[in-house]
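Take a look at the structure below.
The values are calculated or read from the model by the stated rules, or taken from the named source; none is laboratory data. Predicted model, so just to flag it, every value in this text is computed and none were measured. Glycine also receives a Cβ, built like all others from the backbone with ideal geometry; neighbour counts cover every protein chain displayed. When the accessible area is computed, the model is the full protein with side chains, heavy atoms only, and any ligands, DNA or RNA have been set aside. Shrake-Rupley method; radii C 1.70, N 1.55, O 1.52, S 1.80 Å.
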Amino acid sequence: MALIWAGTDIGKTHHHCVVLDADGKRLLSRRVLNDEPELLALFADVMAIDEDVVWAVDVADGMAALWINILLNHGQQLVYIPGLAVNRAAAGYRGTAKTDAKDAIVIADQARMRRDLTTLRPDDEHAVELRVLTGRRADINADRTRRINRLRGHLTSTFPALERVLDLGNVLVLLTSYQTPAALRRTGRKRLETWLRNRHVRGAEALAEAALSAADRQQTALPGEKITTQVIHALAKEVMGLNEQLAEIDKLIAARFREHELAEVIESMPGIGPLMGAEFLAATAGDMSRYGSADRLASMAGVAPTPRDSGGVSGNLHRPRRYHRGLQRVFYTSALISIRNCDASRRFYERKRAEGKRHVQAVLALARRRVNVLWALIRDGRCYQDGLPVTAAA
């Protein structure tokens with residue numbers, strides 16, 4: 001058992017560290033710059049108090065990365081306490097003020113009393129790189145979605161017939177030059193079709209026909225049309241650029257994912273491709289020992305129900321409030337895909353539906369079973385086989 005506990009309240013520019021002994025007595029309290037020389041000096045001062053120390057933080061990545069890696073590189077025991085748990089625990093301590101020093105005391109004291117906290121371990125280079133790449137992809141995709149929604153809004157305000165009948169994924173090239181009914185009518189069907197073919201647009205004939213049909217249904221020029229068309233042109237160009245960025249980063253993620261030792265095992269699961277496999281590795285580093293069991297991984301992924309019983313009420317199951325959104329996306333989305341291309345998954349889903357479960361409930365049940373299967377595959381180092389039932393327990 002450790003002799004002292006050091007809790008660090010993580011901040012962007014400064015951290016605050018408090019050290020407690022076995023009786024909860026404060027031995028050190030210091031605000032330190034998030035800079036390597038100062039962090040090393042803090043580390044040396046704490047080790048001078050006692051070398052048998054457990055460190056605790058309330059942030060597991062990002063602005064805590066430097067401090068975490070300094071501790072792990074020195075072979076220290078480091079545990080993670082979620083910020084929500086710290087905030088709730090703080091209510092049980094004297095005083096209503098909230099300061100970095102008080103939060104650091106709570107973190108250290110919780111680490112002193114609790115034995116169920118997650119132990120942080122060093123991530124391999126693959127996991128860190130995939131975490132960065134998948135995070136970047138999520139940002140690009142969010143920017144793309146935001147621009148598409150704005151583009152649809154502007155197009156609806158000036159040319160609703162075109163927005164209604166066309167898929168923006170196919171009409172972006174068209175919108176870089178033609179944004180109004182009058183412009184489309186002046187061009188004509190043949191010229192528009194030729195213009196689209198020269199730019200290698202798929203389904204140029206059908207697109208030209210749909211665009212001219214929409215133009216013929218709207219003869220009215222709406223207020224603000226001139227400036228709105230300029231914005232539509234700019235947004236279409238931006239979305240096309242973001243599409244290219246997504247294609248490039250998808251290739252990079254797939255290449256980096258397939259270099260991982262578990263890539264073949266993970267990708268053998270029906271419904272999991274390079275992108276979802278990369279998100280799985282980014283969240284777990286492929287180290288199942290961090291979770292202890294498939295049940296804990298399922299709980300972390302938000303696909304295992306949690307009971308909310310009280311008094312005479314029992315069997316009251318709900319989706320957990322705290323879970324990893326990225327992991328849930330991996331297991332839920334891959335379960336949806338597997339229903340279409342995996343007979344075992346489809347049979348399991350149909351059985352759950354026959355039992356009276358709604359669609360989402362049936363998919364979640366399938367995702368939960370797939371956690372067991374993937375856990376077993378990674379544990380045994382073998383690939384998924386068609387004969388392996390999805391309901392097999394780890």
*Restricting attention to region 130-182, and to residues there that are modelled with pLDDT under 90 and among the acidic types (Asp, Glu), which single residue is farthest from Val231 (Cα to Cα)?*
Asp167
*Tally of residues being surrounded by 14 or more Cβ atoms within 10 Å (Cβ to Cβ) and either assigned to a helix (DSSP H, G or I) or modelled with pLDDT under 90 (or both) across region 354-387*: 18
*Would you list the strands (runs of 3 or more DSSP E) that sit entirely within region 17-120 and hold 1 or more residues that are at pLDDT 95 or above, of a type in the set (Lys, Arg) and surrounded by 13 or more Cβ atoms within 10 Å (Cβ to Cβ)?*
26-33
*Six or more apart or on different chains, Cβ under 6 Å: which pairs go from a residue in region 283-309 that's over 22 Å from Asp123 (Cα atoms) and without any contact (Cβ under 8 Å) to a residue 24 or more places away in the chain to one that's surrounded by 14 or more Cβ atoms within 10 Å (Cβ to Cβ) and not aromatic (Phe, Trp, Tyr)? Could you list them?*
Thr306/Pro320
*asked:* Taking the condition of being in contact (Cβ under 8 Å) with a residue 40 or more places away in the chain and more than 14 Å from Gln179 (Cβ to Cβ), how many residues in region 203-226 meet it?
replied: 4
*Out of region 287-308, which residues are more than 16 Å from the chain's Cα centre (by Cα) and of a type in the set (A, V, I, L, M)?*
Met288, Ala294, Ala304
_Would you confirm whether or not region 2-12 contains a residue that is exposed (fewer than 14 other Cβ atoms within 10 Å of the Cβ) and either on the phi > 0 side of the Ramachandran plot or modelled with pLDDT of 95 or more (or both)?_
no
*asked:* Cβ-Cβ distance below 7 Å, separation of 6 or more or different chains: which pairs start in region 312-324 with a residue that is in a strand (DSSP E or B) and end on one that is of a type in the set (D, E, K, R) and open to solvent by 60 Å² or more (accessible area, probe 1.4 Å)?
replied: His318/Arg308
*Among the candidates Val132, Val171, which residue alone is within 15 Å of Ala214 (Cα to Cα) and part of a helix (DSSP H, G or I)?*
Val171
_In region 1-16, residue nearest to the chain's Cα centre (by Cα) [restricted to those that are touching a residue at least 60 places away in the same chain (Cβ under 8 Å) and part of a loop (DSSP other than H, G, I, E, B)]_ = Gly11
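Yes or no, residue by residue, for (1) farther than 28 Å from Ile253 by Cα; (2) out of contact with any Phe, Trp or Tyr (no Cβ under 8 Å at 6 or more places or on another chain):
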{"residue": "Ala285", "(1), (2)": "no, yes"}
{"residue": "Met288", "(1), (2)": "no, no"}
{"residue": "Tyr291", "(1), (2)": "no, yes"}
{"residue": "Arg296", "(1), (2)": "no, yes"}
{"residue": "Arg308", "(1), (2)": "yes, yes"}
{"residue": "Ser314", "(1), (2)": "yes, yes"}
{"residue": "Arg319", "(1), (2)": "yes, yes"}
*Working only within region 307-336, note down all residues that are among the β-branched types (Val, Ile, Thr) and open to solvent by less than 50 Å² (accessible area, probe 1.4 Å).*
Val330, Thr333
*Can you tell me which residues in region 295-304 are surrounded by fewer than 21 Cβ atoms within 10 Å (Cβ to Cβ), assigned to a helix (DSSP H, G or I) and either out of contact with any Ser or Thr (no Cβ under 8 Å at 6 or more places or on another chain) or of a type outside the set (Ser, Thr, Tyr) (or both)?*
Asp295, Arg296
*Of these, Ala138, Ala206, Ala182, which one is surrounded by fewer than 18 Cβ atoms within 10 Å (Cβ to Cβ), under 30 Å from Ala85 (Cβ atoms) and not β-branched (Val, Ile, Thr)?*
Ala138
*Assuming Glu163 fulfils every condition listed in (1) open to solvent by 70 Å² or more (accessible area, probe 1.4 Å); (2) acidic (Asp, Glu); (3) farther than 29 Å from Gly292 by Cα apart from one, which condition is it?*
(1)
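Conditions (1) at pLDDT 95 or above; (2) surrounded by fewer than 15 Cβ atoms within 10 Å (Cβ to Cβ), marked per residue:
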residue	(1), (2)
Lys226	no, yes
Ile249	yes, no
Glu261	no, yes
Thr284	no, no
*Take region 121-135 and flag every residue that is touching a Lys or Arg at 6+ places or on another chain (Cβ under 9 Å) and surrounded by 14 or more Cβ atoms within 10 Å (Cβ to Cβ).*
Asp123, His126, Glu129, Leu130, Leu133
*Which of the residues that make up region 185-202 are open to solvent by 50 Å² or more (accessible area, probe 1.4 Å), in a helix (DSSP H, G or I) and free of Cβ contacts under 8 Å to residues at least 24 places away in the same chain?*
Arg186, Arg189, Lys190, Arg191, Thr194, Arg197, Asn198
*asked:* So, in region 265-279, how many residues would count as being in contact (Cβ under 8 Å) with a residue 60 or more places away in the chain, at negative phi and open to solvent by less than 20 Å² (accessible area, probe 1.4 Å)?
replied: 5
*asked:* If a residue must be assigned to a helix (DSSP H, G or I), more than 39 Å from the chain's Cα centre (by Cα) and among the aliphatic types (A, V, I, L, M), how many such residues does region 215-239 contain?
replied: 1
